[in-house]
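**Q** Sharing a structure, written as structure tokens. Questions coming.
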Amino acid sequence: MTLEISEWFQNSIPTTIFTLFFTFTLIFSIFSFLIFISRMKLWCNCHICWSYITMNWAKEFINLSDWYTHLLKKSPTGTIHIHVLNNTITCNPQNIEHMLKTRFDNYPKGKPFSTILGDLLGNGIFNVDGVSWNFQRKMASLELTSVTVRSYALEIINEEIHTRLVPFLFSFSRDEKVFDLQDIMRRFSFDNICKFSFGWDPQCLQLSLPVSDLAAAFDTASKISARRALSPSPLIWKIKRFFNIGSEKKLKEAINVVNKLTEKIIKNRKEIGFSARNDLLSRFMCSVNEEKYLRDIVASFLLAGRDTVAAGLTCLFWLLSKNQEVEEKIQEEVNRVMNPAHEYASFKEIREMHYLNAVVYETLRLFPPVQFDSKFAKNDDVLPDGSYVTKGSRVTYHPYAMGRMERVWGSDCRVFKPERWLKDGVFVSESMFKYPVFQGGARVCLGKELALMEMKCVVVGLIRRFEIRVDGDNQELKFGPGLTASLKDGLMVRVFQK
Ligand code: HEM
């Protein structure tokens, strides 16, 4: 009997411990979950949050950024707070200098951002802080500022313009076709960034070929990732991801395509050798071995270099179509500076085109390809305008709104006026914190010079031959959700040969 009791006791101890452990874990999890929920501000009755949640703002404004501009304009400090997003948004240059430079250490990308973009960008430069960011930044800046790499990029860009973009537009002008300029510019910049980053030509701008699988998958993945960031709570997309349903299922599929294709490109590059090649991937491969890391680096460059340039160019041609006197002035400058016997403008000639440079800067002031950009506060802080920032909250600077602020750019801030950048015909730049289109401070865009050069080469290459005119009544530009500004319905244009 004593033996039976002791046996029963011995057998039941593990079960009891297990049950206790399970119950404790369950209670602890529920308790933690409730604390988590209670800390999140999922609901707020103030009129701004109410308008955000119900999307009431859309009755009055065509773009979310226009509504933010309106709110920021009304704010005496140029800073607002959206409670449901726990998001401080500012267009105050002093605040921007504070977060991007003075207190850079307190405003990293942060965990929430890297979780949102982690599936697509992994540990690529856009998505990391600290040591990994430092390493990639040093490597990439060595590459992107080297004269060899810049000349290599210029060669690629000019070849793409003259062998693809120009023939493409000739065929459209001949057939008097209406087409989507945004789509063409995306194909153009995707070809360029792939050739430049991987030494691989996806041939997106070939008349006969459909958009590459990689371009389409990358598009889907960045759109869905951007939508994650707009959600008041990450819980919704995390649950969808856990059960692999809806948009999260699509995201997973798109990322699989991106992964497979980038893996193939990396393997191929390893097989054919990389030490003597000029593309960015080959250069990174000399110091990085791990395939996943290489893939992540490459994905960040795809994101950085494709849609940003395409968005800038699309808006530039929309503005030129509406301001034809500006187009004439560019043409005059090109005629004056460029050797008429040459097909392409040289580095030196591009540098001498101050008016063209002013046109590009002015376009990006009004239509920045990255309309807003967020960081997460590491610790509590007070911004120079007195706004209190709590630890863990999102802090966003808003270049789109800044370009429309009288207190930043004067009473003609909404006018497209390249002359504001010129003094006696010479281009004069502005503080990066008044013009954070390429960000500013320690994480300033590494592709800035390359992007400006690409945009200017396209303008020179096209306006010597064509007039590009917006079709129909496109009075305002309507943007859809995305990591970079993209026109919801594209930009339909006609092209005429000069
Ligand atoms: C008009 C075109 C472009 C604009 C407006 C632009 C703007 C920006 C902005 C706002 C950031 C900061 C993003 C953030 O930290 O969240 C950034 C970062 C970056 N950009 Fe660009 N960009 C452009 C083109 C390019 C191109 C063509 C490349 C490369 C080939 C490039 C490479 C990078 C890289 C590597 C970073 C990350 C820098 C870092 O985190 O240290 N960008 N860019």
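**Q** Take the residues in the range 393-439 that are at positive phi and assigned to a loop (DSSP other than H, G, I, E, B), then tell me which one is surrounded by the fewest Cβ atoms within 10 Å (Cβ to Cβ).
**A** Start the filter on the range 393-439 by keeping residues that are at positive phi, which leaves 410, 424-425, 439.
So of that shortlist, the ones also assigned to a loop (DSSP other than H, G, I, E, B) come out as 410, 424-425.
Numbers: Gly410: 11, Asp424: 6, Gly425: 10.
The residue in question is Asp424.
**Q** Exactly one of these conditions fails for Thr102: (1) of a type in the set (Ser, Thr, Tyr); (2) within 11 Å of the ligand (Cβ to nearest atom); (3) farther than 30 Å from Tyr293 by Cβ. Give me its number.
**A** (2)
**Q** Still on this structure, I have one more. If only one of Leu487, Leu422, Leu462 is in contact with a helix residue (DSSP H, G or I) (Cβ under 8 Å, 6 or more places away or on another chain) and modelled with pLDDT under 95, which one is it?
**A** Going through Leu487, Leu422, Leu462 in turn, the sole match is Leu487.
**Q** Which residues, taken from the range 415-442, are over 23 Å from Thr90 (Cβ atoms) and either within 15 Å of the ligand (Cβ to nearest atom) or touching a residue at least 40 places away in the same chain (Cβ under 8 Å) (or both)? Full working, then the answer.
**A** From the range 415-442, those over 23 Å from Thr90 (Cβ atoms) are 415-419, 421-428; that's our starting set.
Those that are over 23 Å from Thr90 (Cβ atoms) and either within 15 Å of the ligand (Cβ to nearest atom) or touching a residue at least 40 places away in the same chain (Cβ under 8 Å) (or both): Phe416, Lys417, Pro418, Glu419, Trp421, Leu422, Gly425, Val426, Phe427.
**Q** Here's something else I'd like to know. Determine which member of the set Ala221, Ala216, Ala153 is of a type in the set (A, V, I, L, M), surrounded by fewer than 19 Cβ atoms within 10 Å (Cβ to Cβ) and within 28 Å of Leu280 (Cα to Cα).
**A** Values: Ala221 fails: surrounded by fewer than 19 Cβ atoms within 10 Å (Cβ to Cβ); Ala153 fails: surrounded by fewer than 19 Cβ atoms within 10 Å (Cβ to Cβ).
Going through Ala221, Ala216, Ala153 in turn, the sole match is Ala216.
**Q** Which residue, of Leu165, Leu205, Leu169, is touching a helix residue (DSSP H, G or I) at 6+ places or on another chain (Cβ under 9 Å), under 30 Å from Met139 (Cβ atoms), more than 16 Å from the ligand (Cβ to nearest atom) and of a type in the set (A, V, I, L, M, F, W, C)?
**A** Numbers: Leu165 fails: under 30 Å from Met139 (Cβ atoms); Leu169 fails: under 30 Å from Met139 (Cβ atoms).
Going through Leu165, Leu205, Leu169 in turn, the sole match is Leu205.
**Q** I would also like to ask the following. Do you know which of the residues in the range 313-341 that are more than 30 Å from the chain's Cα centre (by Cα) and of a type in the set (D, E, K, R) is surrounded by the fewest Cβ atoms within 10 Å (Cβ to Cβ)?
**A** Checking each candidate, the answer is Glu325.
**Q** Among Ile266, Ile245, Ile239, Ile224, which is the only one that is without any contact (Cβ under 8 Å) to a residue 60 or more places away in the chain, touching a Ser or Thr at 6+ places or on another chain (Cβ under 8 Å) and of a type in the set (Val, Ile, Thr)? Give the steps one after another, and end with the answer.
**A** Values: Ile266 fails: touching a Ser or Thr at 6+ places or on another chain (Cβ under 8 Å); Ile245 fails: touching a Ser or Thr at 6+ places or on another chain (Cβ under 8 Å); Ile239 fails: touching a Ser or Thr at 6+ places or on another chain (Cβ under 8 Å).
Answer to the check: Ile224.
**Q** Spot the failing condition for Tyr344; the list is (1) surrounded by 15 or more Cβ atoms within 10 Å (Cβ to Cβ); (2) modelled with pLDDT under 95; (3) part of a helix (DSSP H, G or I), and only one is missed.
**A** (3)
**Q** Looking at (1) of a type outside the set (Gly, Ala, Ser); (2) modelled with pLDDT under 85; (3) within 16 Å of the ligand (Cβ to nearest atom), find the lone condition where Thr308 falls short.
**A** (2)
**Q** Would you be able to tell me the number of residues in the range 457-481 that are within 14 Å of the ligand (Cβ to nearest atom) and without any contact (Cβ under 8 Å) to a residue 40 or more places away in the chain?
**A** Going through the range 457-481 one residue at a time, the tally reaches 0.
**Q** How many of the residues in the range 161-177 are closer than 29 Å to Phe198 by Cα and touching a Phe, Trp or Tyr at 6+ places or on another chain (Cβ under 6 Å)?
**A** 2
**Q** Just give me the residues in the range 457-490 being part of a helix (DSSP H, G or I) and either hydrophobic (A, V, I, L, M, F, W, C) or surrounded by fewer than 17 Cβ atoms within 10 Å (Cβ to Cβ) (or both), in sequence order. Break it down stepwise before answering.
**A** Of the range 457-490, the ones part of a helix (DSSP H, G or I) are 457-463.
Cys457, Val458, Val459, Val460, Leu462, Ile463, listed by residue number.
**Q** Now for a separate question. Tell me whether the range 30-52 contains one or more residues that are part of a helix (DSSP H, G or I), modelled with pLDDT under 95, loosely packed, with under 14 Cβ neighbours inside 10 Å and small (Gly, Ala, Ser).
**A** The answer is yes, given that some residue of the range 30-52 is part of a helix (DSSP H, G or I), modelled with pLDDT under 95, loosely packed, with under 14 Cβ neighbours inside 10 Å and small (Gly, Ala, Ser).
**Q** May I ask you to verify whether Ala377 is out of contact with any Ser or Thr (no Cβ under 9 Å at 6 or more places or on another chain), of a type in the set (A, V, I, L, M) and either surrounded by 16 or more Cβ atoms within 10 Å (Cβ to Cβ) or under 16 Å from Gly461 (Cα atoms) (or both)? Before you say what the answer is, go through the steps one by one.
**A** Values: out of contact with any Ser or Thr (no Cβ under 9 Å at 6 or more places or on another chain): no; of a type in the set (A, V, I, L, M): yes; either surrounded by 16 or more Cβ atoms within 10 Å (Cβ to Cβ) or under 16 Å from Gly461 (Cα atoms) (or both): yes.
No: the conditions fail for Ala377.
**Q** Let me ask you something else. Pairs please, first residue from the range 303-325 and acidic (Asp, Glu), second anywhere and in a helix (DSSP H, G or I) and near the ligand (Cβ under 7 Å from one of its atoms), Cβ atoms under 7 Å, 6+ apart in sequence or on different chains.
**A** none
**Q** Another one. Looking at the range 181-189, can you tell me whether even one residue there is within 15 Å of the ligand (Cβ to nearest atom) and among the polar types (S, T, N, Q)? Step through it out loud before you land on a result.
**A** First pass over the range 181-189, keeping only residues within 15 Å of the ligand (Cβ to nearest atom): 182, 185-186, 188-189.
From what's left, among the polar types (S, T, N, Q): 182, 189.
Yes, because at least one residue in the range 181-189 is within 15 Å of the ligand (Cβ to nearest atom) and among the polar types (S, T, N, Q).
**Q** If we keep just the residues of the range 278-292 that are part of a helix (DSSP H, G or I) and farther than 20 Å from Ser151 by Cα, which is nearest to the chain's Cα centre (by Cα)?
**A** Pass one, the range 278-292, residues part of a helix (DSSP H, G or I): 280-285, 291-292.
Those still in the list that are farther than 20 Å from Ser151 by Cα too: 285, 291-292.
On the way: Met285: 25, Glu291: 24, Lys292: 22 Å.
Only one residue fits best here, namely Lys292.
**Q** Next question, about the same structure. Pairs, please: C-beta under 7 Å, at least 6 apart or cross-chain, first residue within 7 Å of the ligand (Cβ to nearest atom) and assigned to a helix (DSSP H, G or I) and in the range 443-456, second aromatic (Phe, Trp, Tyr) and modelled with pLDDT of 95 or more?
**A** Listed by first residue and then by second, the contacts come to Lys448/Phe438.
**Q** Could you grab me the full set of residues in the range 111-129 that are of a type outside the set (S, T, N, Q), within 12 Å of the ligand (Cβ to nearest atom) and out of contact with any Gly (no Cβ under 8 Å at 6 or more places or on another chain)?
**A** Residues of the range 111-129 that are of a type outside the set (S, T, N, Q), as a first pass: 111-113, 116-122, 124-126, 128-129.
Now narrow it down to the ones that are within 12 Å of the ligand (Cβ to nearest atom): 113, 116-117, 121, 124-126, 128-129.
Phe113, Ile116, Leu117, Leu121, Gly124, Ile125, Phe126, Val128, listed by residue number.
**Q** Another question about this same structure. Please state which one of Lys270, Lys322 is away from the ligand (no atom under 15 Å from the Cβ) and over 18 Å from Leu487 (Cβ atoms).
**A** On the way: Lys322 fails: over 18 Å from Leu487 (Cβ atoms).
Answer to the selection: Lys270.
**Q** Now for a different question. Can you tell me which residues in the range 280-324 are among the charged types (D, E, K, R) and over 19 Å from Cys457 (Cβ atoms)?
**A** Result: Arg283, Glu290, Glu291, Lys292, Arg295, Asp296, Lys322.
**Q** I've got another one for you. Checking the structure you have, find out if any residue of the range 93-104 is in contact with a His (Cβ under 7 Å, 6 or more places away or on another chain) and crowded, with 16+ Cβ neighbours inside 10 Å. Spell out how you get there, then give the answer.
**A** Initial filter on the range 93-104 (in contact with a His (Cβ under 7 Å, 6 or more places away or on another chain)): none.
Among the residues of the range 93-104, not one is in contact with a His (Cβ under 7 Å, 6 or more places away or on another chain) and crowded, with 16+ Cβ neighbours inside 10 Å, which makes the answer no.
The values are calculated or read from the model by the stated rules, or taken from the named source; none is laboratory data. Not measured: the values here are computed from a predicted model. Because the Cβ atoms are built from the backbone with ideal geometry, glycine has one as well, and the counts that use them run over all protein chains shown.
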